[in-house]
Amino acid sequence: MSAPVKTFYSWGRRASSGTRSANLAWMDDALPAGEVPFLPYGLGRSYGDSCLLDHGFLVETRQLNRLISFDKKTGLLVCEAGCSLAQLLEFCVPRGWFIPVTPGTKFVTVGGCVANDVHGKNHHRAGTFGCFVRRIGLRRSDGTVRVCSPAENTGLFRATIGGLGLTGVILWVELQLRGIRSPLIRQQLEPLHGFDAFFEVARRQEAAFEYSVAWLDATHRGAPRGLFIAGNHVEDDGPLSAGVHPQPRFKIPRELPDHMVNAWSLRLLNTGYYLANASRNAQRDVPYNGFFYPLDAVADWNLAYGRKGLIQYQFVVPLESGPEALRETLGKVQSARQASFLTVVKLFGAVESPGLLSFPRPGATICFDLPNLGAATDRLLDDLDRTVFACKGALYPAKDYRMSRDAFERSYPRHAEFKSFIDPRCASTFSRRTGLTA
Amino acid sequence: MKNHLILGATSAIAQAYCRMHAGEDTRFWLIGRNQSRLDAVAADLLTRGAASATVRTCVNGDYAGLEAALGDGFRALQAFDVFLAAQGTLPDHAACENDARLTAEVMQVNTIEVMQAALFVAKRFESRRAGSCVIIGSVAGDRGRRSNYIYGASKAALDTFCEGLRQRLLPAVQVLLVKPGPVDSPMTALLAKTALFTTPEKVAADISAAIRRRSATIYSPGHWRVIMFLIRLLPRQIVKRLQA
Ligand SMILES: Cc1cc2nc3c(=O)[nH]c(=O)nc-3n(C[C@H](O)[C@H](O)[C@H](O)COP(=O)(O)OP(=O)(O)OC[C@H]3O[C@@H](n4cnc5c(N)ncnc54)[C@H](O)[C@@H]3O)c2cc1C
Ligand SMILES: NC(=O)c1ccc[n+]([C@@H]2O[C@H](COP(=O)([O-])OP(=O)(O)OC[C@H]3O[C@@H](n4cnc5c(N)ncnc54)[C@H](OP(=O)(O)O)[C@@H]3O)[C@@H](O)[C@H]2O)c1
């Protein structure tokens, strides 16, 4: 049976066209034969088109999800690349270990976390996911499996971390976990007022918190308001399991009608979220799940945005440009009358990212998410680009569906060096647009 | 100690079931046809803390080999609490319609070997007066469909088989037939994933609950019981005309 054409989606509801699926459930499963290009596909939690490939094969890895070995003294885990963080957390939390760097959802694969060199709320201390990757087993289209590490195949190692799936299929990853004594996070909330607060509070509090992020109410007119959300692992010994791995409680069953998520409903959500939390200045111990993955409580929440889906726009600028960039971009979003729910500001620290194309670099990262309103949204984003590049900033491929070759090359000065490590069979819709591949 | 004997241990459903139970007090005897895959499954279970996970391979149609693989398990671990038959193949239906050998292979993998293994195990469960014999059938066995009636027939046979075996072994020994709806596993890799699909983890959790409750037949997810009940109510005259 040859693979039929199948539609794949990214998290922002972009659809592939003319794509066939190839399943990689076992390390020695065959890659698609012939000349047609392929791209690994994890759980499709990238927002734009970096996980899609039109007229090629998407190599699905989510069934490649076995553990290979674990050293319970050192926390060194070797697992297949299709393991999701959700699966790993169920395994490691009861044993007193935690994922060293986690994005805002646990429904991502380890391979996807490597390929986007993802960051989390602890970037200012820990750096990126790739900083904890000790070795990678990489399958190339020439039939070889290359073991890559800082000591072996170093160039390929640095290209594969943040390599957008273009260097081959990651089969397994050796990952250093972080020890914990409790599944709880001691969470601290603090209301923020005015642009500068978003940067000052973060800098002041950074030393005291392992995790921090600032959420901004983008629908609020006038001086911006928001919440500084920070936390540390609780250090008291407590039971490590006990109801801490909940499955999503709600599910959006299908795409909702377009425009359900609009300026009005987003305003309501933002205001509600702000008011519910702004008064809770105190410290609270909360389960890690709610602290790191609040959105995972609703499965397939992206379907609420309707057929046209949603857009995330994330960039990083040097720290000194942070307040200016935030002021300008927020102003542009507001005057375009577009609303955002997940507007987030976070300071990246100085820990160097290991990948040639890693997005995180010292500075401030800002992220908006917007319902897709077609041409109006495109115009707005072009306008935001002007601010970002005037500040010598960079855009994040995991969230992108539109950056030009020029924008990409400005964002990633080591793109030429990266190109020499690309597997000749690999490509993505993103890599074609940005000139990384033909 | 809890001992599990698995036929088709590389199946996604079987793996999910084993993972749920992999703890210090569990031992696994894993039978399949592919050594390197079985080794990967065993490493996973050992990493999760299983006391032991032993692998045996055998090839299609070699009944003596299958018997040896099963017998070794009983000799090594003395007794099993659960036997799970997860081996199964979803064939290219059109090819089967044109090649009787392919149809024979489907029956061999899905039906004959599952029955052989179950009968081998039944004798030992019977004499110990304990154990759960779990066989994975399918909703496809409940009614013939134009697009997959050969697979359906191989699974329907298991229904009748389980009914009789249950009469023989009850009350001491449980015989559980599991009828999953479509599951996201390598078997269905090429199919588009509709909202009807469930996960191997869900089926594994349903199997575990059914073993605890000592159920006879379960659908997974449970709503398939209602759907299949309604479909079975359709008069044969109407079913005859359906094309799907
Ligand atoms: C709610 C939400 C919150 C998020 N929060 C954050 C955040 O805080 N920080 C952050 O950095 N990101 C964040 N993201 C983005 C997400 O973490 C990344 O897009 C991640 O890479 C998705 O992983 P995935 O397994 O779904 O991979 P996919 O989206 O399927 O693929 C992503 C890339 O990885 C490649 N890939 C996947 N598997 C392999 C493999 N085995 N070998 C080689 N390449 C592979 C693909 O080719 C593709 O280029 C968030 C996303 C969502 C939906
Ligand atoms: N997936 C579904 O939608 C679905 C629905 C209803 C019922 N089921 C039943 O559930 C059971 C488990 O299936 P699954 O979903 O977990 O699929 P799976 O992961 O593809 O597992 C299939 C299992 O059967 C084995 N197998 C396949 N062909 C074989 C052959 N010719 N000889 C020996 N072994 C063979 C496989 O071994 P290898 O790894 O060596 O190939 C594997 O262990 C099967 O009985 C299936 O019929 C599945």
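Solvent-accessible surface of segment A:151-260, taken per residue with a 1.4 Å probe and all protein chains present: 43 Å².
What percent do you get for the relative contact order of segment A:184-400 when only Cα pairs under 8 Å and 6+ apart count?
Value for segment A:184-400: 26 percent.
Shown for chain B are the DSSP H helices of 27 Å or more along their axis, judged by Cα atoms, with a mean Kyte-Doolittle hydropathy of at least -1.0: B:149-169.
Within segment A:335-385, the trypsin sites (Lys or Arg not before Pro) that combine a DSSP coil assignment with at most 12 other C-beta atoms in a 10 angstrom radius are A:337. Each peptide among B:213-223, A:56-66 gets the average number of other Cβ atoms lying within 10 Å of its residues, and from highest to lowest they stand as A:56-66, B:213-223. Once C-alpha pairs closer than 8 Å and six or more residues apart are averaged by separation and normalised to the residue number of chain A, the relative contact order reads 19 percent.
Here's the list of aspartates and glutamates a cross-link from residue A:73 could span, going by alpha-carbon distance under 20 Å and ignoring same-chain residues fewer than 8 apart: A:90, A:174, A:235, A:236, A:237, B:24, B:44.
In segment B:184-219, what residues drop by 40 Å² or more in accessible surface going from the chain by itself to the full protein assembly, probe 1.4 Å? So the qualifying set is B:184, B:186, B:189, B:190. Excluding same-chain neighbours fewer than eight residues apart, the lysines reachable from residue A:121 by a Cα-Cα span under 16 Å are A:106, A:346. Of the solvent-accessible surface of segment A:67-218, computed with a 1.4 Å probe and all protein chains present, 51% belongs to carbon and sulfur. The packing ranking of peptides A:224-232, B:63-71, highest mean first, is A:224-232, B:63-71, where packing means the average number of other beta carbon atoms within 10 angstrom of each residue. By the helix-only formula, in which each DSSP H run with n ≥ 4 contributes -39500 (n - 2.57) and the sum is divided by residues, chain B has a 222 nm mean residue ellipticity of -15000 deg cm²/dmol. Compare the Cα positions of A:299, A:115, A:222 along the charge dipole of the protein assembly as shown (+1 at Cβ of Lys, Arg; -1 at Cβ of Asp, Glu; about the Cα centre) and return the one farthest towards the positive end. Going by the charge dipole, the pick is A:299.
Centre-to-centre, using Cα atoms only, segment B:163-188 and segment A:134-153 are separated by 43 Å.
Rounded to the nearest 5, what is the percent of antiparallel bridges among the DSSP beta bridges in the protein assembly as shown?
Of those bridges, close to 60 percent are antiparallel.
The residue list B:242, B:208, B:12 was ranked by how far each Cα lies along the charge dipole of chain B toward its positive end, using unit charges on Cβ atoms, and B:242 comes out on top.
Pairing chain B with chain A buries about 1700 Å² of accessible area. This figure sums both sides and uses a 1.4 Å probe. Taken per residue, the accessible surface of chain B reaches 46 Å², heavy atoms only and a 1.4 Å probe. In order along segment A:426-438, the Karplus-derived 3J(HN,Hα) couplings, from 6.51 cos²θ - 1.76 cosθ + 1.60 at θ = phi - 60°, round to 8, 6, 9, 4, 5, 5, 5, 5, 8, x, 6, 9, 6 Hz, and Gly and Pro are given as x.
Distance between the modelled labels on residue A:176 and residue A:223, one decimal in nanometres: 4.3 nm (7 Å Cα→Cβ projection). Rounded to the nearest percent, how much of the accessible area of chain B (1.4 Å probe, protein heavy atoms only) is carbon and sulfur? Answer for chain B: carbon and sulfur cover 56 percent of the accessible area.
Projecting the Cα atoms of B:226, B:74, B:91 onto the dipole axis of the protein assembly as shown, where Lys and Arg carry +1 and Asp and Glu carry -1 at the beta carbon, places B:226 farthest toward the positive end.
Under 5 Å from the amide H of residue A:343 lie the amide H atoms of A:216, A:218, A:369, each residue being 5 or more positions distant or on a separate chain, with H modelled from the backbone and absent for Pro and chain starts. Remark: segment A:65-74, residue by residue, has Karplus-estimated 3J(HN,Hα) of 9, 9, 7, 10, 6, 8, 9, 6, 7, 9 Hz, where x stands for each Gly or Pro and the curve is 6.51 cos²θ - 1.76 cosθ + 1.60 at θ = phi - 60°. Amide H to amide H distances under 5 Å link residue A:396 with A:314, where only residues 5 or more positions off or on other chains count and H is placed in the peptide plane.
Spin-label pair residue B:172-residue A:285: with each label point 7 Å from Cα along the Cα-Cβ axis, the two points sit 5.0 nm from one another. Distances between placed amide hydrogens fall under 5 Å for residue B:183 paired with B:198, all partners being 5 or more residues away or on another chain. Averaging the Cα positions of each part gives two centres, and for segment A:1-72 and segment A:171-239 these lie 33 Å apart.
The GNM of chain A, with springs linking C-alpha atoms under 10 angstrom apart, assigns the highest mean-square fluctuation among A:45, A:221, A:139 to A:221. Each helix, a run of at least 4 DSSP H residues, gives -39500 (n - 2.57); summed and divided by the residues of chain A, these come to -6500 deg cm²/dmol at 222 nm.
Between segment B:74-94 and segment A:340-368, the alpha-carbon centres lie 49 Å apart. Comparing the full protein assembly with the isolated chain, the residues of segment A:64-79 losing at least 20 square angstrom of accessible surface (1.4 Å probe) are A:65, A:66, A:67, A:68. Averaging the sequence gap over all C-alpha pairs within less than 8 Å and six or more residues apart, then dividing by the number of residues, gives chain B a relative contact order of 18 percent.
The values are calculated or read from the model by the stated rules, or taken from the named source; none is laboratory data. None of these values were measured; they are calculated from a predicted model. Every residue, glycine among them, receives a Cβ derived from its backbone with ideal geometry; neighbour counts consider all protein chains shown. Heads up: the accessible areas ignore ligands, DNA and RNA and are worked out on the full protein's heavy atoms, side chains in. Shrake-Rupley method; radii C 1.70, N 1.55, O 1.52, S 1.80 Å.
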